[in-house]
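Student: Pasting a structure here, questions to come.
The values are calculated or read from the model by the stated rules, or taken from the named source; none is laboratory data. Computed from a predicted model, the values in this text were never measured in an experiment. A quick note on method: Cβ atoms are made from the backbone with ideal geometry, for glycine too, and the neighbour counts reach across all protein chains shown.
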Amino acid sequence: MNIYKNELRLYRKSTIIWTLSILAAAVLFMSLYPSFSVGAKELLDMLNSFPKELLKGLSINLESFTSFNGFFGFVFMYISLALGIQGMYLGISVFTRENTDKTCDFLHTKPVTRIEIMTAKLLAVLSLTAATNVCYVLGVLGIAKLIGVGDFDLKVFLLIALSGFIIQIIFAALGVVVSAVKPRLRGVAGISISFITAMFILGLLSEFIDEKFLAYFTPFKYFNNFYILENAAFEPKFLVLSIAVIVASVVFGYIVFKKRDIHAV
């Protein structure tokens, strides 16, 4: 429990800053919805001339784009990018910090097992990412009420928002794998931004060139907003794949962390 609390304390400031940034961006974009809906007809006429691959890559569904959830799905594409960066940063940083700060041997002299240490760190990552998601979702719901959006499908909205949390956990789990392979990794923020941006671009590319198999290699395509808007559910195959990636990554991290040699300073 002390390790868990210590991780929350160490990453409290960065998480607050990251959360406020995502919250501000989400609220700002969603506050534009009333103005957007007024001129929707002209915009849709213009978008109809765009290639379908481009619209799909940008998460623009012409049939639902003017609805609150459709507009949120478009904005969410960029929110998920920020969530992914935060998730991978936390996943790598919490497991490499002791190695880069050369305090790893001190941590392992405590009367706790390595499994307990890793579990506490994973719970801290889960708590920090969950806090970010809850804050920005409440912010968007608050702005929806403030601008008088009216009735919208809350289940669909929450499914889109939940997909962001799952994407964030996937990248956090992949961050655990990176930290297991490279325990003394430095420049975590730069690496996280580069990797997430590459995954984001790969997702766009899979739509632009219409190569469906590429979607399996980027978590950003595991949750299709079009599918969620039409079916009010996740695609089962990608949900299973998401769970498999998370579980496999975490198990790999446990195995490596348990067997890793501790280098004294």
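Student: Counting just the residues of the range 164-188 that are farther than 26 Å from LYS258 by Cβ and of a type in the set (Gly, Ala, Ser), which one comes out surrounded by the fewest Cβ atoms within 10 Å (Cβ to Cβ)?
Tutor: GLY187
Student: List the helices (runs of 4 or more DSSP H) inside the range 10-79, counting only whole elements, that have at least 1 residues being modelled with pLDDT of 75 or more and not β-branched (Val, Ile, Thr). Show your work before the answer.
Tutor: Working: elements: 12-31, 33-38, 40-47, 52-57.
Result: 12-31, 33-38, 40-47.
Okay, residues lined up against (1) surrounded by 15 or more Cβ atoms within 10 Å (Cβ to Cβ); (2) of a type in the set (Gly, Ala, Ser):
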| position | (1), (2) |
| --- | --- |
| ALA24 | no, yes |
| THR66 | yes, no |
| GLY73 | yes, yes |
| ILE79 | yes, no |
| MET88 | yes, no |
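Student: So how many residues does the range 233-246 have that are surrounded by fewer than 13 Cβ atoms within 10 Å (Cβ to Cβ) and touching a residue at least 24 places away in the same chain (Cβ under 8 Å)?
Tutor: Residues flagged as surrounded by fewer than 13 Cβ atoms within 10 Å (Cβ to Cβ) and touching a residue at least 24 places away in the same chain (Cβ under 8 Å) within the range 233-246 amount to 1.
Student: Select from the range 189-226 the residues that are surrounded by 15 or more Cβ atoms within 10 Å (Cβ to Cβ), out of contact with any Ser or Thr (no Cβ under 8 Å at 6 or more places or on another chain) and modelled with pLDDT of 90 or more and list them in ascending order.
Tutor: Residues satisfying the conditions are ILE191, SER192, ILE193, PHE195, ILE196.
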